[in-house]
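The values are calculated or read from the model by the stated rules, or taken from the named source; none is laboratory data. Every value quoted in this text rests on a predicted model; they were computed, and no experiment measured them. Positions of Cβ are backbone-derived with ideal geometry, glycine not excepted, and every protein chain shown enters the neighbour counts.
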Amino acid sequence: MGEIRCPMCGKPNPDELDVCQYCEARLKPLIGPFEPADTHEPGEGKGDSVTDWLDSLREHEGGELFEAEEEISEGEEGADESPEWPAEVASEEAGIPDWLAGLGKSLQEEGETLPEAEVGAEQDAGPFRMGDLGEAEKAGEEQDFWTAIAPQEESEPAEQLPSSGEEIPDWLQGFGESEPAAQVESDQVAQTEPGEVPDWLAELEETAGLETSTDALEVEPELEEIDWEALQPDQVDLEAEQESPPVSEDLPAAAPFTLDEEEAGLEIGEMPEWLAEVSEESSAEEAPLLEEVDASLTPAELPGWLEAMRPVETAAPVAPFIEESEGIESRGPLAGLRGVLPIEPEITHLEKPTAYAIKLQISDNEREHASLFEELVLKEGVPAPVEKGIAISPQNILRVVIFLLLFLAVGWPIYIGSQSVDLPLPSREVNQTSQLIDSVMVSEPVLLAVDYEPGFSGEMDAASASIVDHLMIRGAYLALVSTTPTGPAQAERLIKTVNNTAGHAYLDASQYANFGYVSGGPAGLLSFAQAPRGVIRYGLNGEPVWEAAPLADIQTLADFAYIVVITDRPETARVWIEQVQPTLRDTEMILVVSAQAEPLVRPYYEGLPQQVGGLVTGVAGGAAYENGMPRTILARKYWDAFSYGLTLAVIFILAGSIFNTLAGILAKRKYTFKDQK
Amino acid sequence: MRQKIPISVSIVIGVGIIVLLGYFIKFPVLAVMQQILLQWALTLAAVALLVGAINLLNVHFRRVSGRQKNSSYSLILILSLLFTFALGALFGPKSAWSLWVFNHIQVPVESSLMGLLAVVLAFASVRMLRRQLNLFSLVFLATALVMLLGAAPVLGIEIPGLHGPDGLRALIAQVPAVAGARGILIGIGLGTIATGLRVLMGADRPYGG
């Protein structure tokens, strides 16, 4: 199983991976055939695609260092020569001359006093050159190489150059003349620290025209193997390189853009024959070159004092990461360039999100429960059909039976005019009421409030008819008023009923006045109690009510002889008592109420002082009142029907309660028995 | 930050305080103001009744015009209202026509509903113990039977100890019923005071605002 080196992080990955397992960079390009990134070296792959000629062009464009690499690949002889002198240096390590020792001391001092900027510049320049020399070289090997070559270059100019320039190797002379990087660096150091340049080095500058310094020791050993004489001066002119773009007019880089006829006939992907040959030769030569260079370099043992001299190592103990992390682009227009951004953006590295199944993984039992629940929910929205009950059910029969019996019990005595049942004896409140009305003088005004609904007219007419009859007998002037909208009509109806049943001929305006409806509830009653003339000015027919003789002296309700309130509702009775009674002073208030209002009205009657002078409740009260009167009116007619109807209702309720109680007990026992089973 | 009091609240509180002071302070000016304000209340209540009648007519007119469900009842209501109003406006509320409508339509209809209620109550009382059989139901039923039997002689016969001023019915009506009624009345009085104070302080605003 092969490995692929990541073009981004440089770490090895299994070749079956598409994305780096460390940095997730794509290992295999999306476009074109895949080639492992670690197999690409500078100068390789020239014959792989049509852009190989561009590769060579870019190597020229990259500057003289790229050219130096090409020179290295083309001339193996220089590479063969280089291992010789490091070996000699290694053999001479045992006996270090004095001048080298002194130089070591001076260099050590110089390294200590060297400005940080210069150190940094040196560090910056170093990795760039080393990286250009090829990725096969490791940092440790370079350091060893440095340690091997550094004293050699220092010692040789000091001993050999002054005597004879011929003893200097050609490659070193070429290096001294054409190494622009070393020249620039040496210029910088010479300008900053000129006083520390040794004498022998100054002489060397004069004779060879080469500005040397301790920084010249940083020249890569591979560069020493280059045949510098073959290089054109204009090609390594540093100033021209800095001022002009990398592409030079002299370089054949522009040639590919001026295709001749043969090349114009080529299609994309095809390569000219001459270029294919060159690329094959160069690729065949470059691979063994680097291997031989590495193999020929024997690691040297560096003395401690020399180890301490290495400013690069002390300042940058860590090997430059660019060399490992940055690969060389192998394809496309940027092929041959180092450290280019990846072709594809990071977003293309994103994988599709993991697809999750939408379908719930539920069991059959859960699915059954869910379907049952869904069915129940759906049923909630559907109206359940109402089962048509039996038209004649026992309950309907019971209702009909109750209705018929009550109807007969109530209707039959009325129909036949039965008066067989004795009237009840007058109670204390009934007697008190009768005594009060007995004291009414003729034409004395009596306020009669008719505040009951038409639905209660059956009970209230029977309860109040005897009292009204009594008032008519006494010849009182009746002032009819009501706090309910139907009250005025109800009052007219009551007067007419009493006239008809008792044989009176009470006439409007002369014997009674209908004040009509007093709105406002309690507030209206209070206002009416305080200033009746301000509230009621005209009668029900629009006539001025206060012009009647009996009402001429009425300024407040206290001026009436009595206030008789006929009502079926306890609330109305309470309002009359609470709002009107306090304004009456000595005038008594008589209440004729329905049976349902009795419990709430009786406290006002039972209380001390009495707020209600007389109280008549329901049909029984009216019947009792009639019992004390010389003649019978409505209560007497209703009393037999009332008595029979109540008795029958009580029998129904009692019998039905006993039956249903037993039925309920039996049903409970039945259910309990079933549960026990 | 000062809180703004709506004008309606100020009016209500002012009027309420004036009317309330009229009960306790016998000051002529207060009495006159109280009376005037109360008469305004009467007028406004009457107008509100008229507005209610007009609104009722409007609502049912919309139902009829929109041909909504059971709009025939609305049509009957509108015709009845207009007919009664026409009778009262033309002949007066005390006229024979107006009283005939009242005596021969409104009173029988409402009285029949009350008679129907008596039958329904009797039937419900019959089935009451089947639905709910407990001590309170038994006490309620027994009390109702005593009050019914004591209200009138049973088949024309008065039962000693049940009927009469000193009978069981009178005892129940005058002692436990009055005691309970007084408790209710006291509660009503306290609730009325609390409600009145809240309205006077603006805490309760049944009028809105």
TODO: Hey, can you tell me all the residues within region A:531-544 that are surrounded by fewer than 22 Cβ atoms within 10 Å (Cβ to Cβ) and part of a helix (DSSP H, G or I)?
DONE: A:ARG533, A:GLY534
Task: Residue list for region A:398-426, filter: surrounded by fewer than 21 Cβ atoms within 10 Å (Cβ to Cβ), at the interface with chain B (Cβ under 7 Å from one of its Cβ atoms) and within 18 Å of B:GLU158 (Cα to Cα) - done: A:SER420, A:ASP422, A:LEU425
Task: Qualifying positions in region B:167-186 - among the aliphatic types (A, V, I, L, M), at the interface with another protein chain (Cβ under 7 Å from one of its Cβ atoms) and either within 9 Å of A:PRO599 (Cα to Cα) or in contact with a Ser or Thr (Cβ under 8 Å, 6 or more places away or on another chain) (or both) - done: B:ALA173, B:ALA177, B:VAL178, B:ALA181
- [ ] Name, by its number, the condition in (1) hydrophobic (A, V, I, L, M, F, W, C); (2) surrounded by 23 or more Cβ atoms within 10 Å (Cβ to Cβ); (3) more than 14 Å from chain B (Cβ to nearest Cβ) that does not hold for A:VAL518.
- [x] (3)
Open item on the list: Take the residues in region B:124-143 that are within 7 Å of chain A (Cβ to nearest Cβ) and modelled with pLDDT of 85 or more; name whichever of them is farthest from A:ASN396 (Cα to Cα).
Closed with: B:LEU141
Task: Residue check for B:ALA53: under 25 Å from B:LEU82 (Cβ atoms), at the interface with another protein chain (Cβ under 9 Å from one of its Cβ atoms) and touching a Phe, Trp or Tyr at 6+ places or on another chain (Cβ under 9 Å) - done: no
TODO: Have a look at A:THR661, A:THR572, A:THR672, A:THR647 and point out the one that is in a helix (DSSP H, G or I) and closer than 22 Å to B:ALA170 by Cα.
DONE: A:THR647
Task: Tally of residues being in a helix (DSSP H, G or I) and within 10 Å of another protein chain (Cβ to nearest Cβ) across region A:492-514 - done: 4
Task: Cβ-Cβ under 9 Å pairs, at least 6 apart or on other chains, region B:105-123 side facing chain A (nearest Cβ under 8 Å) and within 27 Å of B:THR84 (Cα to Cα), far side among the basic types (Lys, Arg) and assigned to a helix (DSSP H, G or I) - done: B:VAL107/A:ARG493
Task: Any pair with Cβ under 6 angstrom, 6 or more apart, that starts in region B:153-166 at a residue that is facing chain A (nearest Cβ under 7 Å) and ends at one that is buried (at least 16 other Cβ atoms within 10 Å of the Cβ) and among the aliphatic types (A, V, I, L, M) - done: B:PRO153/A:VAL421; B:GLY156/A:VAL421
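So that you can scan it fast, the table gives a plain yes or no per residue for (1) in contact with a Phe, Trp or Tyr (Cβ under 7 Å, 6 or more places away or on another chain); (2) of a type outside the set (A, V, I, L, M); (3) within 11 Å of another protein chain (Cβ to nearest Cβ):
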position: A:TRP576; (1), (2), (3): no, yes, no
position: A:VAL580; (1), (2), (3): no, no, no
position: A:ARG585; (1), (2), (3): no, yes, no
position: A:ALA597; (1), (2), (3): no, no, yes
position: A:GLY613; (1), (2), (3): no, yes, no
position: A:VAL619; (1), (2), (3): yes, no, yes
position: A:GLY622; (1), (2), (3): no, yes, no
position: A:LEU634; (1), (2), (3): no, no, no
Open item on the list: It is to be established whether one or more residues within region B:1-23 are assigned to a helix (DSSP H, G or I), within 14 Å of chain A (Cβ to nearest Cβ), touching a Lys or Arg at 6+ places or on another chain (Cβ under 9 Å) and farther than 30 Å from A:ASN541 by Cβ.
Closed with: yes
- [ ] Answer yes or no: is there a residue in region A:445-465 that is at pLDDT 90 or above, over 60 Å from the mean Cα position of the chain (by Cα), within 13 Å of chain B (Cβ to nearest Cβ) and part of a loop (DSSP other than H, G, I, E, B).
- [x] yes
Task: Single residue of region B:190-206 satisfying the filter (surrounded by 12 or more Cβ atoms within 10 Å (Cβ to Cβ) and within 14 Å of another protein chain (Cβ to nearest Cβ)) that is nearest to A:TYR604 (Cα to Cα) - done: B:THR192
Open item on the list: So for region B:117-125 (the condition being over 17 Å from A:ALA649 (Cα atoms), under 23 Å from the mean Cα position of the chain (by Cα), surrounded by fewer than 17 Cβ atoms within 10 Å (Cβ to Cβ) and aliphatic (A, V, I, L, M)), does at least one residue qualify?
Closed with: no
Open item on the list: If I filter region A:564-576 for residues that are acidic (Asp, Glu) and more than 30 Å from B:THR192 (Cα to Cα), do I get at least one hit?
Closed with: no
Task: Whichever residue in region A:357-405 is at pLDDT below 80 and among the small types (Gly, Ala, Ser) and, among such residues, is farthest from A:LEU646 (Cα to Cα) - done: A:ALA357
